[in-house]
Amino acid sequence: MRDDFYDDATWDAVDRWHAARRPVPAEVASGWRAGIGATALMTAVALGVQDVLDPKHNDPIIEEIDLVPGAPRASRAIVRPWLIR
C-alpha cells in the first residue's frame, strides 16, 4: 500500500521527518497575559449576569392621552412608572 503513493526515497524522507519531530510542551500564560485573560473572562461573566438580573428595557413606551377640547393646558397626564413594564 505504501508503494501506491510514493517511491521508497520519498517514504524514507517522510519517516525521517516523523522521527525528527519532538512534541512542543504547551505554554502556560503568565504575567500580564494571564491577568488580561482572567479579566476578560470575569468581565464577560459579570456582563452576562447583569443582563439576566437587570435587563434593559429599550422598547419605547407610547401612551395616547385625550386633550381637553379647546383648552390643552387644562389637560393632565398622570405617569405611574411602577405600572410601566
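Pairs are defined by a Cβ separation below 6 Å, a sequence spacing of at least 6 or placement on different chains, a first member in the range 63-85 that is modelled with pLDDT under 75, and a second member that is assigned to a loop (DSSP other than H, G, I, E, B) and surrounded by 10 or more Cβ atoms within 10 Å (Cβ to Cβ); the pairs so defined are L67/S75. Selection of the range 17-46 for residues being of a type in the set (S, T, N, Q) and more than 19 Å from the chain's Cα centre (by Cα) yields only S30.
So that you can scan it fast, the table gives a plain yes or no per residue for (1) in contact with a strand residue (DSSP E or B) (Cβ under 6 Å, 6 or more places away or on another chain); (2) in a loop (DSSP other than H, G, I, E, B); (3) surrounded by 10 or more Cβ atoms within 10 Å (Cβ to Cβ):
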| residue | (1), (2), (3) |
| --- | --- |
| Y6 | no, yes, yes |
| A13 | no, no, yes |
| W17 | no, no, no |
| A26 | no, yes, no |
| S30 | no, yes, no |
| G35 | no, no, yes |
| A44 | no, no, yes |
| V52 | no, no, no |
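The values are calculated or read from the model by the stated rules, or taken from the named source; none is laboratory data. Everything quoted here is computed from the prediction, not taken from an experiment. Virtual Cβ from ideal backbone geometry, glycine too; neighbours counted across all protein chains shown.
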